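Written below as structure tokens is the structure these notes are about.
The values are calculated or read from the model by the stated rules, or taken from the named source; none is laboratory data. None of the values given here were measured: they were computed from a predicted structure. Neighbour counts run over all protein chains shown; Cβ positions are idealised from the backbone, glycine included. Surface areas here come from the heavy atoms of the whole protein model, side chains and all, with no ligands, DNA or RNA. Shrake-Rupley method; radii C 1.70, N 1.55, O 1.52, S 1.80 Å.
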Amino acid sequence: MKRKMIAAVAMAAAIGAGATTAIAHGDATGVVKERMESMEALGDAMKELTAMMRGQQDYGAERVRSLAATIESHGGEALTRLFPKDSLDHPSEALPAIWSDWDRFSALSDQLS
């Protein structure tokens with residue numbers, strides 16, 4: 001169970017790392033825009049949780065639950081539906097590896113939920 005949580009958190013952190021660059025793509029539309037917004041929400045939640053876990057921000061159990069709910073709501077099918085096959089057009093920053101290793105991507109996405 002602990003390994004699954006670590007993998008889910010690692011995926012969310014990796015997703016969050018790209019969220020700041022997604023903000024710069026104001027010309028995105030459709031599913032690409034939706035997934036950029038989702039990545040931004042995941043990234044923001046992860047940044048706040050990371051700050052709490054590092055003692056850089058006061059810990060609040062209610063806030064942790066709220067942030068966890070945000071992460072959960074963006075996982076599973078809510079995330080995978082944002083990556084239809086061949087949705088790599090500019091300004092997307094999605095990597096082709098998402099589709100070439102779809103089973104792993106989908107499993108990690110499910111772990112977020």
Q) Of the conditions (1) open to solvent by less than 50 Å² (accessible area, probe 1.4 Å); (2) modelled with pLDDT of 95 or more, R81 fails just one. Which one is it? A) (1)
Q) Is region 39-51 home to any residue that is at pLDDT below 90 and either open to solvent by 100 Å² or more (accessible area, probe 1.4 Å) or over 19 Å from L108 (Cα atoms) (or both)? A) no
**Q.** Set D58, D103, D86: member being exposed (fewer than 11 other Cβ atoms within 10 Å of the Cβ), closer than 18 Å to T29 by Cα and without any contact (Cβ under 8 Å) to a residue 24 or more places away in the chain
**A.** D86
(Q) Just to be sure I understand, how many residues within region 57-107 are part of a loop (DSSP other than H, G, I, E, B) and of a type outside the set (A, V, I, L, M, F, W, C)? (A) 19
Q. Which members of region 89-100 meet the condition of being touching a residue at least 12 places away in the same chain (Cβ under 8 Å) and of a type outside the set (S, T, Y)?
A. D89, P91, E93, A94, I98, W99
